[in-house]
Amino acid sequence: MKIKINTKEYEAKDGETIFVACMKNGIKVPTLCGTKNSHEGVCRICVVENNGRLITSCNTKVCEGMKIVTESENVAKARKINLELLWADHAGKCSSCKKNQRCELQNLAIEQKIENFHFVPRKEEMTDRENLDLLKDNRSRVVVDEGNACLTRTTELCVECRRCINVCPTKELSFNNRAGDTVVGTAFEKPLDCIFCGQCVKNCPTGAITDKNDLSKIMTDLNDLKKMAVALVDPAVLESVAFEHPEISCLPAGRDSRGKLISVLKELGFEKVFDLGFGMELSLEKMTQVVKTSAKNNLMLSHCSSFNLFIKKYHPQFAKNILAVAHPDELMAEFLKTEFAKKEKINPEDLVVVSLSSCIAKKKEKGQNLDYVITVRELGRMIRQKNLKLQDIKESDFSSGLAVKDEKIKSVTRTGGMAEMLAKKLKVKYVVADGVPQIKNILRDLEKGRIETKIIEAMVCEEGCINGGGQSRKI
Amino acid sequence: MVKETKIITKNWSQIDPNEIDDAIEAGGYRALEKFIHKMTPALALEEIKLSGLCGRGGAGFPTGIKLESVQKEKGKEKYFICNLDESEPGAYKDRSIVDSDPHMLLEGIIIESLIVGARKAFIYVNGNYQKQIEILQRAVEQARAKNFIGEQILGSKYNLEVEIFAGAGAYICGEETALINSIEGNRGEPKARPPFPTQCGLFGKPTAVNNAETVANIPWIISNGGKKFATIGSKKSAGTKLFIVNGCVKNPGVFEAPLGTKLADLIEKYAGGMQNGKNFWFAQVGGSSGRLVLENDLVRKLEYDREAKIPLGSGAILVVDKTADIHELLLSWMSFFRRESCGKCVPCREGTYRLWEIAKRLQDGEISERDVAAIKDILWTLNNTTFCPLGKFAATAFGDALSNFQKEIYRLSK
């Protein structure tokens, strides 16, 4: 069908929303609450005008004869007032915020030229002891949840956009209270204890849900002359890093940022930078051994940390099916601290292994050899903190010593990659589950005895680590 | 007093609401018998369409059309929901129906469910109405014992279960998609339409949601015919309506009056006029979300009409005299909406909060230039960009008060 957007006529498909139609034709409509799969129409910022009436573009489907105006006086007014109301609900402590310069709310405020505010921020501090009162009391309070190793949640910065609720595959988060007191939270405000896939962190437009990190500790270790800092680079992050920092991607844009990324890491103070592919090969080797020697069927591969947590938390009856092989980062760290340290004559205690990963669950499941796990976003913060000038960075190569034998190993970052390789090697059957809904189906089938195979590979993030929770958010 | 036309209140205070035999003696369940033995669902629907009955919850959507679109839907599983959430401050008509004649309501529910082809009906009651829930439970049990509910009702092929569902007591759950969310076990928040509940409602099945007062009209229509019902009331909207008159009147309470009754008549003839020594200032028609009516508009007819200057809403009328404190009223409206907004969309969640804040400052007389500009902006965004009508409702009374009593509100000398 044909619809008119601003001055031109465009072709639009039946059933698609105005928002999608605009995006497809390169017309930008700002939004705060939409994610890839859900458009709830909550933030009311994507409003457009249709025949003089304001409607939200994200959840209104196109109709024949629509005349959409994406920028008008009323549209600008609506966006501005709603944004101002939202901003007042937000603490606005930008300079000390982890998301500073990467905050969608901040960017929108700049874009819409919000200069003077009518309202005063209104959130009050809440301490842990008052948790119970929160349910009784209707005043709006701030809930800070730091009771886990992976992420920090603070409702002070939350703008109730629901992205985290919509993307959460296990529905751990929801709304508490109502009206102006609405806050995102867990049931009874218990500390979050989920599978830490990190999708909420990735999608949060503000700094309400952020990576829990030890950046200050890492910085101290990096500056410690006695210690030797080693960075492991997960091949899955390369594209995402380029997206987060367009300056370090090589041309053509976004193809590969490896060379410059290595230089950046060295600039940050890492003495050696290795490819995690080596760890993946270790992991594949170990898994081959275990699978070969095991007489059992339905063995579950263990390289997705979120999946391990998922089984432990929701389906403990399958815990015995999981292979007792640590994830590649941990295996590689172990190798570094034993054989590599011996060869290079370094005291293992002086070796600091940091993994640049696409996953936040690894922070919880990191094991004793791996010291820190940082995500793409945290790397960005380190770069900003150090004020690195990325434009002038030259390319360099991985440190020698731990070369990857076969580049094909890198397909394990994609769902099914590891199982495919194992199956090829051992000539066994396998089943792959991509994302939590598929995992649930497979577990149901397993329970009923409808599946009988040698290995099962499951990844919590859809398509694998490329969409991991530690990656930069692509719009 | 005026000559009364009684449809809903005909048995009030004549029967014991806890005794089904009383109700049957007073003519209860005759319409159900007539429907089962002498009518088909299509025929009964025709009568309802003829009657011109429209929804009494506030929006005034024609009931016949709503039922028809559910009846038309294919698929065996359908639901009927009677909306008894009634949470508007000053509205207690639906509650009064249950208090006085629960069986009339139940009969209406059964007939409507069978018309649309539902095998399960819900009565969604505001959880605060403990007394009414008990009455309804008793009524359902008694009706089941008489085989008005259950398998093969009165020896026919119809089956129906009626369940009473107590909500948690939220204003927004009176909105049908929020109500459906609530029964499904989700947060009580409105959903985007389309799809409409008549196609994809409760648990994704076609669902008809009717206000309790609407339902209570059905037995009379089935018994006496739609044509006769259409002769009652005004040209534009047929039937009678329960009006609740509160405030500075001599005789506040629930009154059944034909639609099209003038507001002045309602106050003077039904509610006994103003209290001694009180002077009429304005009336708010339709509960907290209603518009303000000044003296010169008292002659307007109260009816369901899309173009009407005064939307009737739920029929709650608050009469305010000149000694009332407008600041206190503003604050009470805004406290209500601040509390009852579901928190889904930004303008309503934040806007009602800010208006409440400003209303507090208005009461203390500490208003600043900034607030005056903010009020305008918030009212505008509430009117134009909210997800559901609650946002608009929140702005109605405040906006009306502001345009009519600016001098008093801002404490301007002249």
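Restricting to the range B:162-180, name every residue that is assigned to a strand (DSSP E or B) and of a type outside the set (Phe, Trp, Tyr).
Keep residues of the range B:162-180 that are assigned to a strand (DSSP E or B), which gives B:162-166.
The answer is B:Val162, B:Glu163, B:Ile164, B:Ala166.
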note = Only unsatisfied item for A:His118, checking (1) at pLDDT 70 or above; (2) in a loop (DSSP other than H, G, I, E, B); (3) more than 22 Å from the chain's Cα centre (by Cα), is (1)
task = Exactly one condition in (1) buried (at least 17 other Cβ atoms within 10 Å of the Cβ); (2) within 14 Å of another protein chain (Cβ to nearest Cβ); (3) outside any helix (DSSP H, G or I) is not met by A:Gly180; state its number.
result = (3)
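How about the range B:358-371: which of its residues are of a type in the set (A, V, I, L, M, F, W, C) and at the interface with another protein chain (Cβ under 10 Å from one of its Cβ atoms)?
Residues of the range B:358-371 of a type in the set (A, V, I, L, M, F, W, C): B:358-359, B:362, B:367.
Answer for the range B:358-371, where residues must be of a type in the set (A, V, I, L, M, F, W, C) and at the interface with another protein chain (Cβ under 10 Å from one of its Cβ atoms): just B:Ile358.
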key: Subset tally (residues that are in a loop (DSSP other than H, G, I, E, B) and out of contact with any strand residue (DSSP E or B) (no Cβ under 7 Å at 6 or more places or on another chain)) for the range B:143-158   = 8
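A quick yes/no check of all residues on (1) touching a Phe, Trp or Tyr at 6+ places or on another chain (Cβ under 9 Å); (2) closer than 14 Å to A:Gly207 by Cβ; (3) modelled with pLDDT of 85 or more; (4) among the basic types (Lys, Arg):
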site: A:Lys77; (1), (2), (3), (4): yes, no, yes, yes
site: A:Asn100; (1), (2), (3), (4): no, yes, yes, no
site: A:Cys103; (1), (2), (3), (4): no, yes, yes, no
site: A:Thr127; (1), (2), (3), (4): no, no, no, no
site: A:Leu132; (1), (2), (3), (4): yes, no, no, no
site: A:Arg139; (1), (2), (3), (4): no, no, no, yes
site: A:Cys158; (1), (2), (3), (4): no, yes, yes, no
site: A:Arg162; (1), (2), (3), (4): yes, no, yes, yes
query = Looking only at the range B:155-176, which residues are surrounded by 15 or more Cβ atoms within 10 Å (Cβ to Cβ) and at positive phi?
reply = B:Gly169
remark   = Pairing a residue in the range B:386-414 that is closer than 13 Å to B:Pro347 by Cα with any residue that is part of a loop (DSSP other than H, G, I, E, B) and of a type in the set (Asp, Glu), where Cβ atoms lie under 9 Å and the two sit 6 or more apart in sequence or on different chains, gives B:Phe387/A:Glu40; B:Phe387/B:Glu189; B:Cys388/B:Glu175; B:Cys388/B:Glu189; B:Pro389/B:Glu175; B:Leu390/B:Glu175
ask   = In this structure, does A:Lys337 turn out to be within 19 Å of the chain's Cα centre (by Cα), closer than 25 Å to A:Val412 by Cα and not in a loop (DSSP other than H, G, I, E, B)?
value = no
query = Pairs under 8 Å by beta carbon, first residue within 15 Å of B:Lys392 (Cβ to Cβ) in the range B:285-309, partner surrounded by 21 or more Cβ atoms within 10 Å (Cβ to Cβ) and among the basic types (Lys, Arg), six or more apart or different chains?
reply = none
inquiry  = B:Lys322 - would you say it is away from chain A (no Cβ under 14 Å), more than 28 Å from the chain's Cα centre (by Cα) and more than 18 Å from B:Ala283 (Cα to Cα)?
reply    = no
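Sort out for me the helices (runs of 4 or more DSSP H) sitting completely within the range B:33-142 that have 1 or more residues that are surrounded by fewer than 19 Cβ atoms within 10 Å (Cβ to Cβ) and either in contact with a His (Cβ under 7 Å, 6 or more places away or on another chain) or among the hydrophobic types (A, V, I, L, M, F, W, C) (or both). Steps first, please.
Working: elements: B:41-51, B:63-72, B:93-100, B:102-116.
Here the list reads B:41-51, B:63-72.
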request  = Return a yes/no flag: does the range A:61-83 have any residue that is crowded, with 24+ Cβ neighbours inside 10 Å and free of Cβ contacts under 8 Å to residues at least 12 places away in the same chain.
outcome  = yes
request  = Output the residue which, of all residues in the range A:149-171 that are assigned to a loop (DSSP other than H, G, I, E, B), surrounded by 17 or more Cβ atoms within 10 Å (Cβ to Cβ) and not β-branched (Val, Ile, Thr), is nearest to the other protein chains (Cβ to nearest Cβ).
outcome  = A:Glu160
query = Within the range A:381-399, can one find any residue that is of a type in the set (Ser, Thr, Tyr), assigned to a strand (DSSP E or B) and modelled with pLDDT of 85 or more?
reply = no
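Among the residues in the range A:282-294, are any under 24 Å from the mean Cα position of the chain (by Cα) and either aromatic (Phe, Trp, Tyr) or in a helix (DSSP H, G or I) (or both)?
First pass over the range A:282-294, keeping only residues under 24 Å from the mean Cα position of the chain (by Cα): A:283.
So of that shortlist, the ones also either aromatic (Phe, Trp, Tyr) or in a helix (DSSP H, G or I) (or both) come out as A:283.
Yes.
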query = Hey, does the range B:392-412 have a residue that's in contact with a Cys (Cβ under 9 Å, 6 or more places away or on another chain) and under 18 Å from A:Leu86 (Cα atoms)?
reply = no
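Identify, please: which residue in the range B:341-357 is assigned to a helix (DSSP H, G or I), touching a residue at least 12 places away in the same chain (Cβ under 8 Å) and buried (at least 24 other Cβ atoms within 10 Å of the Cβ) and is, among those, nearest to the other protein chains (Cβ to nearest Cβ)?
Step one: of the range B:341-357, the residues assigned to a helix (DSSP H, G or I) are B:346-357.
Filter again for touching a residue at least 12 places away in the same chain (Cβ under 8 Å), leaving B:347-348, B:351-356.
Right, trim to buried (at least 24 other Cβ atoms within 10 Å of the Cβ) and you get B:347-348, B:351-355.
On the way: B:Pro347: 6, B:Cys348: 8, B:Gly351: 6, B:Thr352: 7, B:Tyr353: 3, B:Arg354: 6, B:Leu355: 10 Å.
It comes out as B:Tyr353.
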query = From the list B:Glu25, B:Glu86, which one is in the same structural domain as B:Gln142 (by TED's automatic domain parsing), in contact (Cβ under 8 Å) with a residue 12 or more places away in the chain and not aliphatic (A, V, I, L, M)?
reply = B:Glu86
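Of all residues in the range A:190-209, which are outside any loop (DSSP other than H, G, I, E, B) and crowded, with 24+ Cβ neighbours inside 10 Å?
We begin by selecting, within the range A:190-209, every residue outside any loop (DSSP other than H, G, I, E, B); these are A:199-203, A:209.
Of everything in the range A:190-209, those that are outside any loop (DSSP other than H, G, I, E, B) and crowded, with 24+ Cβ neighbours inside 10 Å turn out to be A:Gln199, A:Cys200, A:Val201, A:Lys202, A:Ile209.
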Residue among B:Lys278, B:Lys250 that alone is outside the structural domain of B:Ala91 (by TED's automatic domain parsing), in contact with a Lys or Arg (Cβ under 8 Å, 6 or more places away or on another chain) and either over 20 Å from B:Phe393 (Cα atoms) or of a type in the set (Ser, Thr, Tyr) (or both) = B:Lys278
key: Of residues in the range A:17-55 being more than 24 Å from A:Cys168 (Cα to Cα) and in a loop (DSSP other than H, G, I, E, B), the one nearest to the other protein chains (Cβ to nearest Cβ)   = A:Gly52
query = Is there any pair linking a residue in the range A:205-221 that is without any contact (Cβ under 8 Å) to a residue 60 or more places away in the chain to one that is surrounded by 15 or more Cβ atoms within 10 Å (Cβ to Cβ) and assigned to a loop (DSSP other than H, G, I, E, B), with Cβ under 6 Å and at least six apart or on different chains, and which?
reply = A:Ala208/A:Cys158
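Give the residues of the range B:1-41 that are of a type in the set (Lys, Arg) and within 23 Å of the chain's Cα centre (by Cα), sorted by residue number. I'd like the intermediate steps shown before the answer.
Quick first cut of the range B:1-41, residues of a type in the set (Lys, Arg) only: B:3, B:6, B:10, B:30, B:34, B:38.
Listed by number, the residues that qualify are B:Lys6, B:Lys10.
The values are calculated or read from the model by the stated rules, or taken from the named source; none is laboratory data. This is a predicted model, so every value here is computed, not measured. When we count neighbours, we look across all protein chains shown, and the Cβ atoms used for this are built from the backbone with ideal geometry, even at glycine.
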